[in-house]
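Below you'll find the structure, written out as structure tokens, and then a few comments.
The values are calculated or read from the model by the stated rules, or taken from the named source; none is laboratory data. As the structure is a prediction and not an experimental result, all values here were calculated from the model. So basically every Cβ, Gly included, is an ideal-geometry build from the backbone, and we count neighbours across all protein chains shown. Remember, those area values only see protein heavy atoms, side chains included, never the ligands or the DNA or RNA. Shrake-Rupley method; radii C 1.70, N 1.55, O 1.52, S 1.80 Å.
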Amino acid sequence: MRKALRWLLALTVLISTLGTATVATAAGPEATDIKDRLLAIPGMSLVQEKPYPGYRFFVLNYTQPVDHRRPSAGTFEQRITVLHKDESRPTVFYTSGYNVSTTPGRREPTQIVDGNQVSMEYRYFTPSRPADPADWSKLTIWQAASDQHRIFEALKPVYSKKWLSTGGSKGGMTATYYERFYPRDMDGVVAYVAPNDVVNDEDSAYDRFFATVGTKECRDRLNGVQREALVRREPLEKRYAAYAADNGYTFDTVGSLDKAYEAVVLDYVWGFWQYSLLSTCDTIPADAKNATDDEIWDSVDSISGFSFYTDQGLDTYTPYYFQAASQLGAPTIRFPHIERKYIRYGYQPPSNFVPDSIRIPRFDRYAMADVDNWVRHNAHRMLFVYGQNDPWGAERFRVGKGAKDSYVLTAPGLNHGANVAGLIPGEKAFATARILEWAGVPASAVEAAKPLARFDAKLDVRDVEREPTLRP
């Protein structure tokens, strides 16, 4: 009997070894082309390959479980892209926290380390969404972090060198959450302009920001236009109704044209500082009370966008608003320059921008507090970059005594597009050196503290990531 058991155990080990060898061979020496290696990964399929000089660029689908705690409960296809440089180079894992672009693009850390880049579409953003009726309760920061973890584990045998994660705005939040739940995956994190709403009901930091940002002259211009747009609500809403009719816009989700109009106007000041620079304030009407209706309309539309709070404008961002209403939180600010009689709704809660057909769970007030506490005490090789004039930086991540090799830096005068290149020279060199060292490049490159790849105007994205006004 003992001999039989020993023989059975030996056979089991042999079968296991053969199975492992078969898998290794499928993705190893016999599959020398990078496309073959990627497609040898179980669950990976090719959507398209696009040429770009010096790179291979792949749009792929990767099969993910809807619920990482119950993988047998269904799957969906998650869209990712791979910008392939060389398997001997470091790899940057990027996500915007929204849709993924299917056009070749290189984020700042990717240029700095001259590496590969893997980009992930956030779950529930179309087409990376489970089939209808989707179970929206599985749209959580942990489930999304687990998506990244599975993608990393699948690609690590192909890209075996150092990995960094990065993202801007909601992507910076996403990179931070990923690090919190899977701190052993990445060798470093570069999070840009990442909001950190620890206590959803306490937003006084934003009020203090708007009281001092920029110059008084610029603040007065913006406040004047915003107030005047509400004073002239009746004639401008007639124009809005005609604009909506001409473009086929509807307002079922937000509830009415009146609610949508006020939401657009109340986004105006925030939107300017999020996306514009102080130097462009001279484009804002200086005397709002004597400005024409066209001037008020055009200024608000150019910054906030009258199309956004329509059903058609909101649809793409339903997953964001769901998360803001269930875990992320959202800011609420005061408008001391506008009399109360002109404001009917104030900043509306994110649940107002989610279709009634989607059930939103009770808000999880512990989710952001947990991440914030983890970052303060456990951050390791994390770099947070903020813009001095970006409203979202009013509530930001901070590192405490328990953090190691982690930093929070601010780019003077910059907005929601702040990056390492916009830091003061000493901090720019320091941040670049840390990114290079985390990526495992030679010491001589770390000491030089300069990007290893030359700037490419088509490939390198340097402008602020354009997202909905007042949304990270």
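Can you give me the pair-distance distribution of the stretch 239-325, C-alpha pairs, 10 Å bins, whole percents?
Calculated over all Cα pairs of the stretch 239-325, the distribution is 16, 45, 30, 10, 0 percent.
Kindly express, to the nearest 10 degrees and within the range 0 to 90, the angle between helix 233-247's C-alpha long axis and the longest C-alpha principal axis of the chain.
40
Using only DSSP helix segments of four residues or longer, with each worth -39500 (n - 2.57), what per-residue ellipticity at 222 nm results for the chain after dividing by its residue count and rounding to 500? Numbers along the way, then the final one.
Working: 16 runs with 176 residues, N = 472.
Rounded to the nearest 500, the figure is -11500 deg cm²/dmol.
May I ask for the longest run of the chain untouched by GluC sites (Glu not before Pro) that are loop-located per DSSP and have at most 13 neighbouring C-beta atoms (other than their own) within 10 Å? Don't skip to the answer; put the middle values down first.
Working: sites that count: GLU30, GLU87, GLU202, GLU339.
For GluC sites (Glu not before Pro) (loop position, at most 13 other Cβ atoms within 10 Å), the longest site-free span of the chain is 203-338.
What is the spread of the Cα atoms of the chain along each of their three principal axes, largest first, in whole Å?
Over the chain, Cα extents along the principal axes are 94, 53, 45 Å.
In the stretch 318-392, which chymotrypsin sites (Phe, Trp or Tyr not before Pro) fall in coil by DSSP and have 12 or fewer other Cβ atoms within 10 Å?
Working: sites: TYR320, TYR321, PHE322, TYR342, TYR345, TYR347, PHE353, PHE363, TYR366, TRP374, PHE384, TYR386, TRP392; in loops: TYR345, TYR347, PHE363, TYR366.
Counting only loop positions with at most 12 other Cβ atoms within 10 Å, the chymotrypsin sites (Phe, Trp or Tyr not before Pro) in the stretch 318-392 are TYR366.
To the nearest 20 debye, what charge dipole does the stretch 301-389 have about its Cα centre, counting +1 at the Cβ of each Lys and Arg and -1 at the Cβ of each Asp and Glu?
Numbers: 9 positive and 8 negative charges, 76 e Å.
Dipole size: approximately 360 debye.
By the gyration tensor of its Cα atoms, with a ≥ b ≥ c the square roots of the eigenvalues, what is the shape of the stretch 259-397: rounded for a/c under 1.5, prolate for a/b over b/c, or oblate?
On the way: a/c = 2.22, a/b = 1.39, b/c = 1.60.
Verdict is oblate for the stretch 259-397.
Towards the positive end of the charge dipole of the chain, with charges on Cβ (+1 Lys, Arg; -1 Asp, Glu), say which of ALA40, GLY329, PRO412 has the farthest Cα.
Projecting each Cα onto the dipole axis, the largest value belongs to ALA40.
Short version: what are the Cα gyration tensor semi-axes of the stretch 136-177, square root of 5 times each eigenvalue, largest first, in whole Å? Before the final figure, lay out each step's value.
Details: eigenvalues 89, 42, 6 Å².
Gyration-tensor ellipsoid for the stretch 136-177: 21, 15, 6 Å.
Under 13 Å from a point placed 7 Å out from the Cα of ASP258 along the Cα-to-Cβ direction: which residues of the stretch 206-247 have their backbone N that close?
Those under the cut-off are 233-234, 237-238.
Could you tell me the convex hull volume per residue, in Å³, taken over the Cα atoms of the stretch 69-160? Don't jump to the answer; show the numbers that get you there.
Numbers: hull volume 9.1 nm³, N = 92.
Per residue, the Cα convex hull of the stretch 69-160 comes to 99 Å³.
Just read off the accessible area of THR292 with the full protein assembly in place, 1.4 Å probe, to the nearest 10 Å².
So the heavy atoms of THR292 present about 70 Å² to solvent.
Out of the stretch 305-370, which trypsin sites (Lys or Arg not before Pro) are coil in DSSP terms and have no more than 11 other C-beta atoms within 10 Å? Show your work: numbers first, answer last.
Numbers: sites: ARG334, ARG340, LYS341, ARG344, ARG359, ARG362, ARG365; in loops: ARG334, ARG344, ARG359, ARG362, ARG365.
Filter output for the stretch 305-370: ARG359, ARG362.
How far, in degrees from 0 to 90, does helix 257-266 lean away from the longest principal axis of the Cα atoms of the chain, to the nearest 10?
Between helix and principal axis, roughly 80 degrees.
Report, please, the projected area of the stretch 26-183 averaged over directions, based on the convex hull of its C-alpha atoms, in nm².
Values: hull surface 36.0 nm².
Quarter of the Cα hull surface area: 9.0 nm².
How large a share of the accessible area of the chain, in percent, is made up of carbon and sulfur atoms when the probe is 1.4 Å and the other protein chains stay in place?
Details: 10960 of 21090 Å².
Heavy-atom surface of the chain belonging to carbon and sulfur, 1.4 Å probe: 52 percent.
What residues have an amide H closer than 5 Å to that of THR253, excluding those fewer than 5 places away on the same chain, when H is modeled at 1.01 Å from N in the peptide plane?
Placed amide hydrogens put ASP311 under 5 Å from THR253.
Based on alpha-carbon centroids, what's the gap between the stretch 272-331 and the stretch 203-261 in Å, whole number please?
Value for the Cα centre distance between the two parts: 7 Å.
Rounded, prolate or oblate: pick one for the stretch 190-246, where a ≥ b ≥ c are the square roots of the eigenvalues of its C-alpha gyration tensor, a/c under 1.5 means rounded, and failing that, prolate if a/b is larger than b/c, else oblate. Don't skip to the answer; put the middle values down first.
Details: a/c = 2.48, a/b = 1.66, b/c = 1.50.
Here the stretch 190-246 falls in the prolate category.
Give me the Kirkwood hydrodynamic radius of the stretch 293-375, using the inverse of the mean 1/r over all pairs of distinct Cα atoms, in Å to one decimal. Could you put the intermediate results ahead of the total?
Numbers: mean 1/r = 0.0653 Å⁻¹.
15.3 Å is the Kirkwood radius here.
Using 21 Å as the Cα-Cα cut-off, could you pick out the over-long pairs in LYS170/LYS428; LYS289/LYS341; LYS156/LYS428; LYS85/LYS162? Could the numbers behind the result be given before it?
On the way: LYS170/LYS428 23 Å; LYS289/LYS341 17 Å; LYS156/LYS428 29 Å; LYS85/LYS162 14 Å.
Too far apart for the 21 Å limit: LYS170/LYS428; LYS156/LYS428.
Put +1 on the Cβ of every Lys and Arg and -1 on every Asp and Glu Cβ in the chain; which of ALA134, VAL66, TRP438 then has its Cα farthest towards the positive end of the dipole?
Farthest along the dipole direction, towards plus: TRP438.
Near the amide H of VAL47, under 5 Å away, which other amide H atoms are found, from residues 5 or more places off or on another chain, if H is placed in the peptide plane?
Amide H neighbours of VAL47, under 5 Å, 5+ apart: VAL59, LEU60, ASN61.
Angle check, please: helix 367-378 long axis (alpha carbons) against the longest principal axis of the chain (alpha carbons), in degrees 0 to 90, nearest 10.
Here the helix axis deviates by roughly 60 degrees.
Starting from the Cα gyration tensor of the stretch 190-347, take the square roots of the eigenvalues, sort them a ≥ b ≥ c, and report rounded, prolate or oblate (rounded when a/c is under 1.5, otherwise prolate if a/b is larger than b/c, else oblate).
Values: a/c = 1.62, a/b = 1.06, b/c = 1.54.
It is oblate, given that a/c is not under 1.5 and a/b is not larger than b/c.
By the scheme Lys and Arg +1, Asp and Glu -1, what is the net charge of all other residues having a beta-carbon under 13 Å from that of ARG129?
On the way: positive: ARG79, ARG123, LYS138; negative: GLU77, GLU121, ASP132, ASP135, ASP147, ASP315.
Net charge around ARG129: -3.
What whole-number value in Å² describes the accessible area per residue of the chain for a 1.4 Å probe? Write out the running numbers ahead of the final one.
Details: 21090 Å² over 472 residues.
Result: 45 Å² of accessible area for each residue.
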